[in-house]
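Every number here is computed from the coordinates shown, using simple stated rules; none is lab data. All values reported here derive from a predicted model rather than from experimental measurement. Note: ideal-geometry Cβ built from the backbone for every residue, glycine included; neighbour counts use all protein chains shown.
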Amino acid sequence: MKRRLVFGSVIVLLALNLAIGAGIFFLSPHAEDAADSERANLDLLVNVMQKIRTEYADSTNLTYHELVYSAIKGMVAQLDPHSEFLTPRDYQRFESDTEGRFGGLGLVVSMKEGYVTVVAPMDDSPGFRAGILTGDRIVKVNGRNIGRLPLGDVVDQLRGVPGTDVAVTIQRPETGTEKTIVLKRAIIHMEMVKDIAGGSDFPLGPDKIGYIRINEFGDKTGRELQEALDKLKAQGMKALILDLRWNPGGQLDEAVSVCQKFLPRGQLIVTTEGRDPS
């Protein structure tokens, strides 16, 4: 399901003061009294950022821009598991993913237990051909440890100009062993819907059972699914296996489009609820 996207001008409220030296954050005696005061909390946020900028020992990544984005991400993450703040760069990456065309290695990744983890290698991609498996952890890119980098920064390092090389160090959790693989980036054409062989022929299986795998809910998912269903129905399909394993999600309207192909017309699929009933 598509995550709710928050971008643009956002006001952040924090209730923390900073003790410099040991890097200790604590609530001031007056913080709770001002918990619902917009002005007091905005002043508090500004004061904390100024303290960090001028007195924190590590001065890297401490521009006001980066601090505000980090604060917004933390605030939005507190709302619910499905809310996320996307910076302009994050949003461009999201659009690139859902459009299904970009230069990279063909690895769907996410953060799991603090590691950048492969959710699934795309069929016939550089990562797939190199033998990278679901569950593998990416621990280094071009020899650089990526343990403390945000997921988006790691994705940016994996992507690049098609034809260029990138060295990826993989850790397999089952054995704990690490292996460095040099991969050549390629244009990734991400087909959202595939048959059992990873292609687009959609042959029927025994007993006229069809199989469709949906990789992601992207711009073309609904259309590609309908084309696959038409091929299977033309062969006399009697039953269907719809495989959603390792699907990382995507666009809500495309997920709804998929549901509409199997549910009765007018069936309620999803509702959204906001603070304003209108």
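What the table below lists for this structure:
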read-out	value
Computed FRET value (nearest 0.05) for residue 119 with residue 261, which takes r as the C-beta separation and R₀ as 41 Å	0.95
For the stretch 141-157, Karplus couplings with θ = phi - 60° (6.51, -1.76, 1.60), whole Hz, Gly/Pro x	10, 6, x, 9, 5, 10, x, 9, 7, x, 4, x, 5, 5, 4, 4, 6
DSSP-defined beta bridges in the stretch 193-260 - what % are antiparallel, rounded to 5	25 percent
Estimated FRET transfer efficiency (residue 62, residue 240; beta-carbon r; R0 51 Å; 0.05)	0.40
Two-site label geometry, residue 197 and residue 184: point separation in nm, points 7 Å out along Cα→Cβ	2.6 nm
Estimated FRET transfer efficiency (residue 112, residue 207; beta-carbon r; R0 35 Å; 0.05)	0.40
Unit Cα scatterers, Debye sum, the stretch 98-189: log10 I(q)/I(0) for q = 0.11, 0.14, 0.26 Å⁻¹	-0.26, -0.42, -1.61
Extension gain from residue 148 to residue 53, taking 0.36 nm per residue of separation minus the Cα-Cα distance	32.2 nm
